[in-house]
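The values are calculated or read from the model by the stated rules, or taken from the named source; none is laboratory data. Computed from a predicted structure; not experimentally measured. Cβ placement follows ideal geometry from the backbone for every residue including glycine, while neighbour counts extend to all protein chains displayed. Please note that ligands, DNA and RNA were not included when accessible areas were found on the heavy atoms of the full protein model with its side chains. Shrake-Rupley method; radii C 1.70, N 1.55, O 1.52, S 1.80 Å.
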Protein chains: 2
Amino acid sequence: MEPMAAPSPGKCHKANEVIALIGDKWTVHIVMQLATGKKRFSEIERSVDGISRKMLTTTLRGLERDGYVTREVFPTIPPRVEYELTNFGRELSCPLRALGDWAAANHDRVLAARRAYDNRVED
Amino acid sequence: MEPMAAPSPGKCHKANEVIALIGDKWTVHIVMQLATGKKRFSEIERSVDGISRKMLTTTLRGLERDGYVTREVFPTIPPRVEYELTNFGRELSCPLRALGDWAAANHDRVLAARRAYDNRVED
DNA sequence: TATATTCAGTCTCTAATATAGACTGAGTCT
DNA sequence: AGACTCAGTCTATATTAGAGACTGAATATA
């Protein structure tokens, strides 16, 4: 098979900078949750399994900073804060959803490959 | 706007497990590099900016374990080891490329959002 | 009236993870 | 003889993540 042409370095570099943010452990999960609609802090916390408050705060702040989500504070007691994807965030959620769908569809193949590898290695 | 239906929990969970692997700091970069063709260890090291030898080894092993890449050792001196995407890995590279393309295309919008946020916050 | 609960965080302490950089081994090159 | 190469590994340090206590003021409960 003919090797494909390498993408231009400029493009790679630009992609890398942005992927550095969206390619971390929690961002994908959070964006996918917000893709289902506006959510408050504790709702996201409950729906993203295993995330700590600290990381949820940190990740949401990063998403807000980069323009993917809005944060709306209601000065009630107890406080209420709602997070929602911007249009830009909804655009991002498309390639992210494609990745998530692929991941879900190929889950079993990955597990099979992993078992096969572990059997090969353990002797 | 009507909220969209949440994906089924099963699907989410499956996707999460797989994304846990491909959604780390280096995997995306390495797969994108390998998408341009077979590469040896030091070539990847040079093309993925800032990666440490240890993380390159760790990440490549994970990708091999999950069936995304093959590792071929040539017992020469000095040693030569070639990494190549499997067909499965090439499948993965499609949604990953889509994400990378989106990231590259929207790089400037992210940076603008970030500057705007930082200006808003710093007072 | 006293107490518990709620939410969206923050803070601190500890645990896990990543990085930097030295080291390896045997064959070529100078 | 000495330097250089590659694909790692090893160790020590630095960065990052996680667990869990704490906050403050209104409401709900006993």
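Quick one: in the stretch A:30-50, which of the residues that are away from chain B (no Cβ under 11 Å) and within 12 Å of DNA strand C (Cβ to nearest atom) is most open to solvent (accessible area, probe 1.4 Å)?
In this case the residue turns out to be A:R46.
Just one of (1) of a type in the set (S, T, N, Q); (2) at the interface with chain B (Cβ under 7 Å from one of its Cβ atoms); (3) surrounded by fewer than 16 Cβ atoms within 10 Å (Cβ to Cβ) trips up A:N87, so point out which.
Of (1) of a type in the set (S, T, N, Q); (2) at the interface with chain B (Cβ under 7 Å from one of its Cβ atoms); (3) surrounded by fewer than 16 Cβ atoms within 10 Å (Cβ to Cβ), only one is false for A:N87: (2).
Considering only the stretch B:51-63, how many residues are more than 10 Å from DNA strand C (Cβ to nearest atom) and surrounded by fewer than 18 Cβ atoms within 10 Å (Cβ to Cβ)?
Qualifying residue count, the stretch B:51-63: 1.
Do we have A:R71 as facing chain B (nearest Cβ under 7 Å) and more than 16 Å from DNA strand D (Cβ to nearest atom) here?
When the stated conditions are applied, A:R71 does not pass them.
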